[in-house]
Amino acid sequence: MITIENLSKQYGSTTVVDGVSMQIERNSITVIVGTSGSGKSTLLRMINRLVEPTGGRVLLDGRDTRGEPAHLLRRRIGYAIQGHGLFPHRTVGENIGTVPKLLGWDAQRVRARVHELLEVFQLDPQRYAQAFPHELSGGQQQRVGVARALAAEPAVLLMDEPFGALDPIIRAKAQEDLLAIQRRFGTTVVLVTHDMDEAFHLGDHVAVMSQGRLLQYDRPAVLLTHPADPFVSRMTGLADRALRLLSLTSAGELAGPGELAGPEVPATASLRDALSQILWCGAQGAQVIGADGKPCGQLTVAAILAHARPA
Amino acid sequence: MRISTVLRLAALVLLVTFLVVPQKFAPLFAPLTQYGAPPIYDQGNLLGLALAHLGTVILAAAASTVVAVSLGILVTRPSGREFLPLSRTLVNIGQTFPPVAVLAVTVPLVGFGEKPTLIALFAYGLLPIFENTIVALQTTPRAVLEAASGMGMSAWQRLVSVELPLAMPLILEGIRLSLVINVGTATIGSTVAAKGLGEVIIAGLLSSNTAFILQGGLVTALMAVLLYDAMVAFERYACRTVQTE
């Protein structure tokens with residue numbers, strides 16, 4: 001768990017981060033979102049002390065992060081950035097092995113970990129471990145960047161607009177990868193983005209920042225139904241907030257017993273996608289299909305619509 | 001094999017042959033002499049002079065490299081940034097102060113021979129190495145530096161395993177420039193009794209022997225060209241992973 005207490009950063013007379021306090025839960029994805037200049041990156045970089053706070057403190061599992069030299073702290077915290085920052089003069093394998101090597105793992109263990117991660121990220125170790133970063137596509141470079149951040153099995157992974165430079169299709173894939181990997185390793189992820197769709201898609205919790213202050217920090221649905229500030233509703237979007245709300249719940253969660261004539265939607269699909277399919281087919285509801293490929297309930301338009309507004 | 005490679009090999013063979021058995025080339029240089037003067041330099045061993053010349057240049061370049069690279073690293077650290085203007089001024093003086101003047105100033109202090117030449121060449125060779133080191137270190141991609149720090153490298157580890165390897169092509173280029181400039185400049189060392197190819201040229205000037213002047217000049221020029229090529233080849237080899245971008 002990461003506890004941020006009254007954290008501030010001033011450069012001269014400008015306050016970049018202004019008294020932010022928040023608790024980040026273990027094994028969850030927290031997204032910090034805001035416009036550029038909102039202080040979200042600075043806040044993130046104060047967690048691993050790439051930026052030293054001028055006030056307040058950060059606790060990692062109850063221990064003050066200032067209790068050890070900054071570079072030793074950072075070896076325990078994964079860090080992935082926009083534009084990946086891979087070392088161009090080192091192979092993909094050496095890049096991924098950077099932190100384990102700094103931690104003094106033996107060569108055998110580093111190699112095994114590099115291979116494991118390359119496989120997790122769907123990169124053939126035989127082909128890519130010895131390749132140089134410039135030989136990879138943008139999406140592959142980004143995956144190697146995340147793999148490198150995860151190499152030493154950090155409990156916490158900080159990501160600063162990690163998918164900002166990717167085109168939409170590769171970005172969607174990278175987001176799915178991140179969700180799968182977070183579930184697999186149980187990493188606590190803190191991700192900074194200016195993309196509200198990304199925030200809602202990835203975040204278990206979303207923090208909205210503006211002008212250095214934390215305006216609201218809650219579950220995505222609460223941000224939509226009970227915005228704490230006009231800026232939060234502007235960020236989350238007023239026009240399509242009903243649809244956004246639908247996108248946060250899966251069809252499986254709302255499925256009722258019984259069967260119904262209509263399109264089939266997987267239980268993992270969002271209500272928004274389910275509704276879209278129902279509308280497309282001109283039906284009154286949908287048949288929900290479980291992970292085993294068998295029908296596991298039905299979903300009516302009425303049930304979906306009831307879910308599209310604050311309770 | 002490419003034509004350029006063949007030419008370089010031929011130049012190398014020519015240079016070595018001339019230095020080892022200069023008398024074989026006597027008929028070639030004879031038309032340049034008058035009144036039965038010797039066509040080939042005979043007041044010393046040409047090979048020995050060439051090696052001494054090269055040794056002086058390399059020693060001076062090594063000293064320039066150590067000082068210029070260290071200084072370049074120092075002034076690109078946050079703690080040393082304020083020394084950048086001062087260092088730049090000092091290094092610029094080293095380049096603008098004519099080597100001959102350096103000789104004139106240093107001879108009274110350290111005496112005749114190798115030492116004043118080494119000092120002059122050292123000062124003259126600082127600038128290209130220093131400037132290239134600074135440019136290289138200042139232009140390391142921000143994301144790469146950020147990642148290195150974010151991974152938990154200490155400032156020293158970041159310098160040694162990321163910044164310097166990435167700066168290496170430019171630093172080596174600076175060393176190459178410095179070396180090549182100084183192969184020519186080193187000939188003036190002979191005015192203060194340093195062993196080198198300048199001796200041949202000066203002997204030619206004193207006795208109006210065009211053959212001597214030409215020999216000294218040609219050997220120096222060939223050495224500069226070959227040294228340049230050798231450095232380019234070495235840079236390619238040493239930086240093969242960095243330059244693949």
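None of the figures in this text is laboratory data; all of them are computed from the coordinates on show. Please read these numbers as outputs of a predicted model, since none were measured by experiment. As a convention, Cβ positions derive from the backbone with ideal geometry for all residues, glycine included, and neighbour counts pool all protein chains shown.
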> Give or take rounding to whole Å, what are the principal axis extents of the alpha carbon atoms in the stretch B:72-117, in descending order?
Replying inline: 42, 17, 13
> Cα centroid distance between the stretch B:1-68 and the stretch A:247-311, in Å?
Replying inline: 88
>> Using only DSSP helix segments of four residues or longer, with each worth -39500 (n - 2.57), what per-residue ellipticity at 222 nm results for chain A after dividing by its residue count and rounding to 500?
In response: -10500 deg cm²/dmol
>> Could you work out [θ]222 nm for chain B from helices alone, using -39500 (n - 2.57) per DSSP H run of at least four and dividing by all its residues? Round to the nearest 500 deg cm²/dmol.
In response: -24000 deg cm²/dmol
> Classify chain B: rounded, prolate or oblate, from the alpha-carbon gyration tensor (a ≥ b ≥ c, eigenvalue square roots; a/c under 1.5 rounded; otherwise prolate if a/b is larger than b/c)?
Replying inline: oblate
>> Compute the helix-to-body angle for B:84-96: its Cα long axis versus the longest principal axis of chain B, expressed 0 to 90° and rounded to tens.
In response: 10
> Per residue of A:73-80, what is the mean number of Cβ atoms on other protein chains within 10 angstrom of that residue's Cβ?
Replying inline: 3
> Relative to the longest principal Cα axis of chain A, at what angle does helix A:138-150 sit, 0 to 90 degrees, rounded to 10?
Replying inline: 70
> Local charge sum around A:Arg219 (other residues, Cβ-Cβ under 12 Å, Lys/Arg +1, Asp/Glu -1)?
Replying inline: -3
>> As I understand it, the value is the acute angle between the Cα axis of helix B:99-110 and the longest principal axis of the Cα atoms of chain B; what does it come to in degrees, rounded to 10?
In response: 90
>> Taking amide H atoms as placed 1.01 Å from N in the peptide plane, list the residues 5 or more away in sequence, or in a different chain, whose amide H sits under 5 Å from that of A:Gly55.
In response: A:Ser8
> Hey, can you rank A:296-305, A:166-175 by average C-beta count inside 10 Å, highest first?
Replying inline: A:296-305, A:166-175
>> Report D for the protein assembly as shown in µm² per second (integer): Stokes-Einstein, Kirkwood Rh on Cα pairs, 25 °C, 0.890 mPa s.
In response: 85
> Amide H neighbours of A:Met209 under 5 Å, counting only residues 5+ apart in sequence or on other chains, H built in-plane at 1.01 Å?
Replying inline: A:Val33, A:Gly34, A:Leu215
>> Once you order the gyration tensor axes a ≥ b ≥ c over the Cα atoms, which shape class does the stretch A:35-175 get: rounded for a/c under 1.5, otherwise prolate or oblate by comparing a/b with b/c?
In response: oblate
> Given B:Gly36, A:Ala129, A:Gly97, which one lies farthest toward the positive end of the charge dipole of the protein assembly as shown, if we put +1 on the Cβ of every Lys and Arg and -1 on the Cβ of every Asp and Glu?
Replying inline: B:Gly36
>> I want to verify the translational diffusion coefficient of the stretch B:68-174 in µm²/s; compute it with Stokes-Einstein, Rh as the Kirkwood radius over Cα pairs, at 37 °C and 0.692 mPa s.
In response: 215
> What translational D, rounded to a whole number of µm²/s, comes out for the stretch B:109-245 from Stokes-Einstein when the hydrodynamic radius is the Kirkwood one over Cα pairs, at 10 °C and 1.306 mPa s?
Replying inline: 91
> Considering the zone a paramagnetic label at A:Leu243 would reach in this model (a point 7 Å from Cα along the Cα-to-Cβ line), which residues of the stretch A:199-233 have amide N under 16 Å from it?
Replying inline: A:200-201
>> Could you compute the net charge surrounding B:Val225? Neighbours are other residues with a C-beta less than 15 Å from the C-beta of B:Val225; K and R count +1, D and E count -1.
In response: +1
> With a sphere of radius 14 Å drawn around the Cβ of A:Val156, what net charge do the other residues whose Cβ falls strictly inside it have (Lys, Arg +1; Asp, Glu -1)?
Replying inline: +3
>> Report, to one decimal in Å, the Kirkwood hydrodynamic radius for the stretch A:1-42 based on all distinct Cα pairs.
In response: 11.5
>> Per-residue Cβ counts within 10 Å, from other chains only, averaged over A:94-100: what number is that?
In response: 2
